[in-house]
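Asks: Before we start, here is the structure in question, set down as structure tokens.
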Amino acid sequence: PKVGQQVTLEVKPLSLHQQRAGGGDLSGASLSSVQFSGSFSLYQVHDWIRTCLPDVPQNPTSAVDSEDVEGEKVTRQLWFENVLTKSVLIVRYCAGLAVIESDSVSTIAIMREVVSAEANRRKVAINIKFSIDPKSTPRFLRKLDRRLHEHGALAKQVELVEALREITNEAGDSSYLSKEHRAAMSQPAPQAERSSSSTGRRGELDALFGVVRDLYVDAQKFDGRDARNPATHAELTDILHHYDFD
């Protein structure tokens, strides 16, 4: 008889973040923040953090790099890095206080949404205060700039090669192609083609596009504007497909 095993994997709202030991060089970083305060315990706020992020231990441990935040001595400090965007996330908390900092406003938005929902679900009253650095969004986009250019160029190269192969297969002749196009055709299984499949570079490019779209929506929300206009989203998608940072 065949035997199967069912495995259930929990996907956290910030599942692309991984914890890194110690701090890092934040010189030049533009960090936005959200702060939660109220009559919650250390275990309650720790559980809320675990709901958002992977690799957080089940129970809060003893003091780690304790420091004063808003006049309070925090008893837990965690550093994370997003494996896709390389954005940073710093979580500091103790009983009654949690301060979240990141150079991505989307990360701040997700933390605010999830922690608020968890507190409401458990009927815990909290106060929320956020601070958005106006420099954080352009600097975050600059961080993505090189990879957007690289993945976009590779995706276009693959589309070109596929189109040329389709044309020449039908005509049975490639002599009329330019020297550049014939050179592209002559490369067997080019790296660009192998890595730009739906699960490779093309998939990563689409993921980066999604990051930029979410960043736009979240930045607009923090500014008090509605960013759900379909026409605006269509325009943003067109801009991304013809991407140029400047």
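The values are calculated or read from the model by the stated rules, or taken from the named source; none is laboratory data. This one's a predicted model, so the numbers in the text were calculated from it and none came from an experiment. Every residue, glycine as well, gets a Cβ built from its backbone with ideal geometry; the counts of neighbours run over all protein chains shown. Only protein heavy atoms, including side chains, enter the accessible area calculation; ligands, DNA and RNA are left aside. Shrake-Rupley method; radii C 1.70, N 1.55, O 1.52, S 1.80 Å.
Asks: Restricting attention to the stretch 90-129, which residues are within 19 Å of the chain's Cα centre (by Cα) and either open to solvent by 20 Å² or more (accessible area, probe 1.4 Å) or within 19 Å of Ala207 (Cα to Cα) (or both)?
Replies: Hits for the stretch 90-129 are Glu101, Asp103, Ser104, Val105, Ser106, Thr107, Ile108, Ala109, Ile110, Arg112, Glu113, Val114.
Asks: Another question about this same structure. Looking at the stretch 32-40, is at least one residue part of a loop (DSSP other than H, G, I, E, B), at pLDDT below 95 and open to solvent by 50 Å² or more (accessible area, probe 1.4 Å)?
Replies: Looking through the stretch 32-40, at least one residue is part of a loop (DSSP other than H, G, I, E, B), at pLDDT below 95 and open to solvent by 50 Å² or more (accessible area, probe 1.4 Å).
Asks: In the stretch 188-205, which residue that is at pLDDT 60 or above and touching a helix residue (DSSP H, G or I) at 6+ places or on another chain (Cβ under 9 Å) is least open to solvent (accessible area, probe 1.4 Å)?
Replies: Among them, the one singled out is Leu205.
Asks: Among the residues of the stretch 7-16, is there at least one that is of a type outside the set (A, V, I, L, M), exposed (fewer than 13 other Cβ atoms within 10 Å of the Cβ) and at pLDDT below 85?
Replies: yes
Asks: Restricting attention to the stretch 41-80, which residues are open to solvent by less than 60 Å² (accessible area, probe 1.4 Å), outside any strand (DSSP E or B) and either at pLDDT below 70 or among the charged types (D, E, K, R) (or both)?
Replies: Selection gives Asp47, Val64, Ser66, Val74.
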